[in-house]
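Only one structure is covered here, and it is reproduced in the block below.
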Amino acid sequence: MELRHLRYFVTVADTLNYRRAADRLRVAQPALSKQIKDLERHIGAQLLNRNTGGVSLTDAGAVFQQEALDILERAEMAVDAAREAQDGRRGRLRIGSIGAMSATFLPLALSKYRDRFPKVEVSLEETSLQDQIPALKAGSIQVGFTIDSEIQIDRKFDTYEVLRSNMAIAMGQSHPLAKRSSPSLSEFSDEQFYYFGQTERHDVHRRRMEAVFTSRGIRHRPIKRVSSLEALFTLVAANHGFSIVLPLPNNPSNIVYHPIKEEKEDLEVRLFAIWLKDTRSQLAKNFVDTLKQLQTPL
């Protein structure tokens with residue numbers, strides 16, 4: 001049994017006339033009659049009463065008509081859905097979320113994307129910066145993010161800059177140095193600094209901070225790891241230590257940020273959206289286009 005058998009039957013059931021049904025379907029009447037008989041034989045039930053007065057539905061035919069209409073409607077919906085998915089107007093887009101840093105641009109980008117593609121389901125997959133590229137290669141995300149120092153020269157990927165900002169010293173609001181507008185990093189050489197990393201392997205933040213100290217010839221205590229940004233902010237707010245971070249939206253109000261007196265280019269952070277260059281996902285392409293429509297770098 002094929003979809004055409006259902007279309008033939010529902011047309012005959014609608015017109016209750018083989019000639020008019022054949023004209024509507026643009027098939028020969030004998031061929032239509034044969035197709036209906038083949039359908040009845042396949043089902044094992046008589047669907048139509050045929051007599052000199054015309055055609056009428058049997059009880060089985062009336063039930064089958066409704067079921068066939070539902071199947072044809074679902075088939076048409078499936079065709080529409082496939083076409084929309086091909087155009088990137090339906091489906092599921094998986095984006096690698098990078099926590100607090102995502103708040104600088106993702107909410108606006110996702111809002112614009114939703115306006116353009118309301119039928120697309122978006123999921124944010126919490127993925128560390130180190131794991132973004134492996135996740136893209138594995139197909140677990142379609143769009144990821146990476147910072148400038150982490151970009152590996154790989155022709156498989158395309159990138160687009162979405163954020164550019166300078167890191168600053170974060171300290172508790174009540175700390176004595178909090179009133180200094182631009183403290184020298186040397187003043188913190190004996191202080192405790194923290195970096196965020198879910199495991200020892202996730203050390204992008206630590207390496208970035210150590211490079212800042214090294215480039216200025218400043219010795220420092222070992223930088224300690226905390227497994228969450230919430231823990232880092234709590235320790236900093238309580239004056240248990242410091243961190244060098246990007247001043248991001250929604251950070252705690254009891255933390256202040258000051259630019260480092262020894263200003264250098266290494267304090268600048270550039271964040272890039274990254275995706276497979278040969279991706280066949282129109283969903284990913286449409287999201288990247290949405291990012292490009294925003295005012296960047298933020």
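The numbers here are math on the coordinates, done by the rules we state, and not lab data. The structure displayed is predicted, hence computed values, not measured ones. Counting neighbours? That spans all protein chains shown, and the Cβs are built from the backbone with ideal geometry, glycine included.
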Completion exercise
Along the range 167-183, Karplus-curve 3J(HN,Hα) (6.51, -1.76, 1.60; θ = phi - 60°) to the nearest Hz, with x for Gly and Pro, reads 6, 9, 7, 9, 8, x, 4, 8, 5, x, 7, 5, 8, 7, 6, 8, x
Practice task
With only Lys, Arg, Asp and Glu charged, each at its Cβ (+1 for the first two, -1 for the last two), find how big the charge dipole of the chain is about the Cα centre; round to the nearest 20 debye.
Solution key: 640 debye
Handout entry: Cut-off under 5 Å, modelled amide H: who pairs with residue 122 long-range
Key = 93
Handout entry: Check: the range 197-251 dipole with +1 on Lys, Arg Cβ and -1 on Asp, Glu Cβ, in debye
Key = 260 debye
Exercise for the section: Given the peptides 159-165, 69-75, arrange them by the average over their residues of other C-beta atoms within 10 Å, most packed first. Expected result: 159-165, 69-75
Exercise for the section: Report ³J(HN,Hα) in whole Hz for each residue of the range 88-94, in order, from the Karplus equation J = 6.51 cos²θ - 1.76 cosθ + 1.60 where θ = phi - 60°; Gly and Pro get x. Expected result: x, 9, 8, x, 10, 9, 10
Handout entry: Cα lying deepest toward the dipole's positive end in the range 168-259, options 236, 182, 214, charges on Cβ
Key = 214
Fill in the blank from the handout: Amide H neighbours of residue 184 at under 5 Å, excluding residues fewer than 5 places away on the same chain, with H built from the backbone geometry, are 261
Exercise for the section: Sort 123-132, 26-35, 8-17 for me by packing, meaning the mean count of neighbouring Cβ atoms within 10 Å per residue, highest on top. Expected result: 8-17, 123-132, 26-35
Exercise for the section: Note down the relative contact order for the range 168-259 as a percent, whole number, built from C-alpha pairs under 8 angstrom at least six residues apart. Expected result: 51 percent
Completion exercise
Dividing the helical contributions, -39500 (n - 2.57) per DSSP H run of n ≥ 4, by the residues of the chain yields a 222 nm value, nearest 500 deg cm²/dmol, of -12500 deg cm²/dmol
Problem - Loop-located trypsin sites (Lys or Arg not before Pro) in the range 223-298, at most 12 other Cβ atoms within 10 Å (DSSP) - result: 264, 277, 280
Handout entry: Violating pairs (Cα-Cα greater than 26 angstrom) within the set 137/285; 156/224; 137/292; 156/285; 112/285; 156/292
Key = 156/224
Practice task
From zero up to wherever the largest Cα-Cα distance of the chain sits, split into 10 Å bins and tell me the percent of pairs in each.
Solution key: 6, 21, 20, 13, 10, 9, 8, 7, 5, 1, 0
Fill in the blank from the handout: Amide H contacts under 5 Å for residue 157, restricted to residues at least 5 apart in sequence or on another chain and with H modeled in the peptide plane, are 277
Problem - Derived scalar couplings ³J(HN,Hα) [the range 18-32; Karplus, 6.51 cos²θ - 1.76 cosθ + 1.60; whole Hz; x for Gly, Pro] - result: 5, 5, 5, 5, 5, 4, 5, 7, 6, 10, 6, 4, x, 5, 5
